[in-house]
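Since the structure comes first, as structure tokens, the remarks are kept for the end.
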Amino acid sequence: MRTIFTHAKVYIGGRFEETTLAIEHDRIVALGAAPEAEDRVINLAGRYVVPGLVDVHVHLREPGFEYKETVATGTAAAARGGYTLVCSMPNLNPAPDSMANLQLQLDAIERDGVVKVIPYGCITKGQKGCGEQADLEAMAPYVVGFSDDGRGVQADEDMRKAMVEAKRLGKPIVAHCEVNDLLKGGYIHDGAYAKAHDHRGICSESEWAQVKRDIELVRETGCQYHVCHVSTKESVELVRQAKAEGLRVSCETGPHYLIFTDQDLQEEGRWKMNPPIRSAEDRAALIAGIQDGTIEVLATDHAPHSAEEKGRGLEKSAMGIVGLECAFGALYTHLVEKGILTLEKLVALMSDNPRRLFGFGGGIAVGEQADFAVLDLETTYTINPDDFRSKGKATPFAGQAVRGKAVQTWVDGELVYDETTKQ
């Protein structure tokens with residue numbers, strides 16, 4: 001029996017069309033077909049259907065840190081946010097630096113994943129950012145790419161060797177860029193707020209200097225390279241120049257970097273993440289970067305911690321915030337409703353582009369897997385972390401009134417999140 005969605009605005013080929021969408025089993029089987037007597041019909045009442053959102057930067061914390069998050073709770077949060085595919089970072093214990101260690105995560109994903117999850121493997125043994133290389137070859141068939149997220153790879157030669165091997169294996173290097181020698185104990189942006197409130201700052205060069213180093217290595221090795229969570233104007237310009245040169249370089253940024261500046265900071269752990277929220281000038285450069293295509297991906301860097309770890313104030317709280325359940329609403333409200341982006345561009349940044357860059361495939365077309373989200377763009381609501389499915393509750397978006405959210409999420413033709421029955 002087909003399920004056919006009627007009275008919908010469906011995202012097809014980069015634009016919305018008022019049409020019907022039919023699925024059967026795990027596939028999209030028709031677009032524009034009229035319902036038949038035996039079909040199950042779901043009237044979407046003018047809501048928007050988009051290909052399932054993709055987040056290439058998520059921390060699920062399992063194995064090793066299940067008190068922060070699990071595959072079950074993290075993917076339930078993803079489903080609530082409209083995501084049908086997430087890529088899990090390797091900040092785990094044991095770190096996925098070998099097939100044996102990676103298998104622990106793969107088993108948890110198979111057992112408890114609500115949405116699709118593809119993990120990253122480490123670049124270095126123990127995810128230390130230096131020293132012995134992880135077993136990239138053994139992990140390659142099972143991972144989206146290789147990353148030491150949370151740590152920059154410090155030695156040029158270590159990164160060069162990793163790029164050579166990753167290219168041979170047909171996988172990207174996905175880099176957290178941070179020069180340890182430039183950190184100097186900092187924990188927020190080295191800007192006006194840090195100076196006014198006597199905080200130790202993280203300089204912008206600690207990020208962009210390693211982006212520059214890595215792009216030079218891409219030029220030498222030909223590796224596919226993706227920069228995590230760019231936050232500085234210099235990083236944006238470096239990526240822009242690399243793309244103009246034809247290098248296989250891409251990057252992402254997060255909702256919080258596009259919406260806030262360091263002048264918005266408060267003395268609470270929910271404002272602390274790495275890299276930090278930076279200046280108004282940096283934010284303007286990031287916005288220009290998404291508008292001109294330099295920044296092709298929006299990713300949350302969903303990084304849950306316990307309430308105790310995030311309750312120690314701005315200086316002493318753990319780095320990291322959550323975002324899966326509020327990203328779309330925040331971005332739609334602050335970027336689309338303010339005319340900075342179109343809805344179509346936002347969908348491209350959150351779905352089309354990561355699918356293309358990382359080779360995931362999918363989208364809304366006949367024959368594709370039935371992975372999509374139904375969006376309600378009319379309802380205004382207040383972001384309340386107490387309602388999150390994630391174990392993590394720390395987000396700078398707490399208390400904000402926003403518009404736009406996923407009310408249904410479908411994965412392989414199965415309804416994995418449904419809010420429409422509550423309305």
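The values are calculated or read from the model by the stated rules, or taken from the named source; none is laboratory data. Here the structure is a predicted model, which is why all the values come from computation and not from measurement. Every residue, glycine among them, receives a Cβ derived from its backbone with ideal geometry; neighbour counts consider all protein chains shown. Protein only, heavy atoms only, side chains kept; ligands, DNA and RNA dropped before computing areas. Shrake-Rupley method; radii C 1.70, N 1.55, O 1.52, S 1.80 Å.
Miscellaneous remarks
- Near pairs, Cβ below 9 angstrom, 6+ apart or cross-chain, from the range 137-149 (touching a residue at least 60 places away in the same chain (Cβ under 8 Å)) to any residue that is open to solvent by 10 Å² or more (accessible area, probe 1.4 Å) and among the β-branched types (Val, Ile, Thr): Val144/Ile118
- When the residues of the range 187-196 are filtered to those that are in contact with a helix residue (DSSP H, G or I) (Cβ under 8 Å, 6 or more places away or on another chain) and surrounded by fewer than 22 Cβ atoms within 10 Å (Cβ to Cβ), the one that is modelled with the lowest pLDDT is Ala192.
- Tally of residues being open to solvent by less than 30 Å² (accessible area, probe 1.4 Å) and either closer than 14 Å to Leu258 by Cβ or not aliphatic (A, V, I, L, M) (or both) across the range 359-379: 4
- For the range 158-186, taking the residues that are of a type in the set (Val, Ile, Thr) and open to solvent by less than 40 Å² (accessible area, probe 1.4 Å), the one that is farthest from Glu268 (Cα to Cα) is identified as Ile173.
- Check on Arg15, surrounded by fewer than 16 Cβ atoms within 10 Å (Cβ to Cβ) and among the charged types (D, E, K, R): yes
- Residue list for the range 326-357, restricted to those being on the phi < 0 side of the Ramachandran plot, assigned to a loop (DSSP other than H, G, I, E, B), open to solvent by 30 Å² or more (accessible area, probe 1.4 Å) and not aliphatic (A, V, I, L, M): Glu337, Lys338, Thr342
- Whenever a residue of the range 150-168 is farther than 15 Å from Glu132 by Cα and at pLDDT 95 or above, its partners that are outside any helix (DSSP H, G or I) and small (Gly, Ala, Ser), lying with C-beta atoms within less than 6 angstrom and at least six residues away or across chains, give the pairs Lys167/Gly222.
- Matching residues, the range 377-413, being within 21 Å of the chain's Cα centre (by Cα) and closer than 20 Å to Thr70 by Cα: Pro385, Asp387, Phe388, Arg389, Ser390, Lys391, Gly392, Lys393, Ala394, Thr395, Thr409, Val411
- Test: residue in the range 200-217 that is of a type in the set (Phe, Trp, Tyr), open to solvent by 10 Å² or more (accessible area, probe 1.4 Å), at pLDDT 95 or above and farther than 22 Å from Gly399 by Cα: yes
- Scanning the range 275-319 for residues that are crowded, with 23+ Cβ neighbours inside 10 Å and within 14 Å of the chain's Cα centre (by Cα) yields Ile295, Val297, Leu298, Ala299, Thr300, Asp301, His302, Ala303, Pro304.
- Residue within the range 52-70 that is among the hydroxyl-bearing types (Ser, Thr, Tyr), under 18 Å from the mean Cα position of the chain (by Cα) and at pLDDT 95 or above present: yes
- Within the range 265-290, residues that are more than 18 Å from Ser204 (Cα to Cα) sit with their Cβ atoms under 7 Å from residues that are of a type in the set (Lys, Arg), at 6+ positions apart or across chains, in these pairs: Gly269/Lys310; Gly269/Arg312; Arg270/Lys310.
- Residue match in the range 251-260 (condition: without any contact (Cβ under 8 Å) to a residue 60 or more places away in the chain, among the β-branched types (Val, Ile, Thr) and surrounded by fewer than 21 Cβ atoms within 10 Å (Cβ to Cβ)): no
- Scanning the range 100-145 for residues that are β-branched (Val, Ile, Thr) and open to solvent by 40 Å² or more (accessible area, probe 1.4 Å) yields a count of 2.
- Residues satisfying the stated conditions in the range 213-255, i.e. over 16 Å from Gly289 (Cβ atoms) and either within 21 Å of the chain's Cα centre (by Cα) or assigned to a helix (DSSP H, G or I) (or both): Arg213, Asp214, Glu216, Leu217, Val218, Arg219, Glu220, Thr221, Gln224, Tyr225, Arg248
- Positions within the range 70-103 being in contact with a Leu (Cβ under 6 Å, 6 or more places away or on another chain) and either over 15 Å from Ala327 (Cβ atoms) or of a type outside the set (Ser, Thr, Tyr) (or both), in sequence order: Val71, Gly74, Ala77, Ala78, Gly81, Gly82, Ser88, Pro96
- Test for Val86: is it open to solvent by 10 Å² or more (accessible area, probe 1.4 Å) and under 30 Å from Asn274 (Cβ atoms): no
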